[in-house]
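The values are calculated or read from the model by the stated rules, or taken from the named source; none is laboratory data. Predicted model, so just to flag it, every value in this text is computed and none were measured. Positions of Cβ are generated from backbone atoms using ideal geometry, with glycine treated the same way; all protein chains shown enter the neighbour counts.
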Amino acid sequence: MGIKITRRLLTDAWIPDARVVEAAIERLSTKRALTNDCEVALFEMASDRQLHVNVSHKYPTRTLDGWAGPGRLRDGFVHNRRFDSEADTIIRHIREMVFATRI
């Protein structure tokens, strides 16, 4: 079981951070067992300059501070959050959501 990553950026503003975040996410499942299929989507919206992140799981997880959701998807559940911070902060919050307690 791994973590799928997608990226849909509208500008070049988040590309350097997105690369660092993606590399860190790829290492997450090698350091800790993943028990809930997971997808992380990094994207921008034309309405703001923030990096938007969706973390989707097959099974519901608890909602962590700062994350919205869960939203119900056809194949699972999604939490989302916006960032305007540095890659290290983004990685920490994504890691916490990827491994959020399953309910």
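See the values below:
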{"read-out": "Residue that is surrounded by the fewest Cβ atoms within 10 Å (Cβ to Cβ) [pool: residues in the stretch 6-51 that are farther than 19 Å from Val78 by Cβ, charged (D, E, K, R) and at pLDDT 95 or above]", "value": "Asp12"}
{"read-out": "Flag for Arg74 being closer than 19 Å to Lys4 by Cβ, among the charged types (D, E, K, R) and within 11 Å of the chain's Cα centre (by Cα)", "value": "no"}
{"read-out": "Every pair of residues 6+ apart whose Cβ atoms lie under 6 Å, when the first sits in the stretch 2-21 and is part of a strand (DSSP E or B) while the second is charged (D, E, K, R) and modelled with pLDDT of 95 or more", "value": "Lys4/Glu39; Ile5/Glu22"}
{"read-out": "Residue satisfying all of: in the stretch 57-70; in contact (Cβ under 8 Å) with a residue 40 or more places away in the chain and either small (Gly, Ala, Ser) or crowded, with 19+ Cβ neighbours inside 10 Å (or both); nearest to Leu42 (Cα to Cα) among these", "value": "His57"}
{"read-out": "Residues within the stretch 64-86 that are farther than 14 Å from Gln50 by Cβ and among the small types (Gly, Ala, Ser), tallied", "value": "3"}
{"read-out": "Residue among Gly69, Gly2 that alone is in contact with a strand residue (DSSP E or B) (Cβ under 9 Å, 6 or more places away or on another chain) and at positive phi", "value": "Gly69"}
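Let's see how each residue does on (1) out of contact with any Lys or Arg (no Cβ under 9 Å at 6 or more places or on another chain); (2) touching a residue at least 24 places away in the same chain (Cβ under 8 Å); (3) assigned to a strand (DSSP E or B); (4) basic (Lys, Arg):
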{"site": "Ala41", "(1), (2), (3), (4)": "no, yes, yes, no"}
{"site": "Asp48", "(1), (2), (3), (4)": "no, yes, no, no"}
{"site": "Val53", "(1), (2), (3), (4)": "no, yes, yes, no"}
{"site": "Arg72", "(1), (2), (3), (4)": "yes, no, yes, yes"}
{"site": "Phe77", "(1), (2), (3), (4)": "no, no, yes, no"}
{"site": "Ile91", "(1), (2), (3), (4)": "yes, yes, no, no"}
{"site": "Met97", "(1), (2), (3), (4)": "no, yes, no, no"}
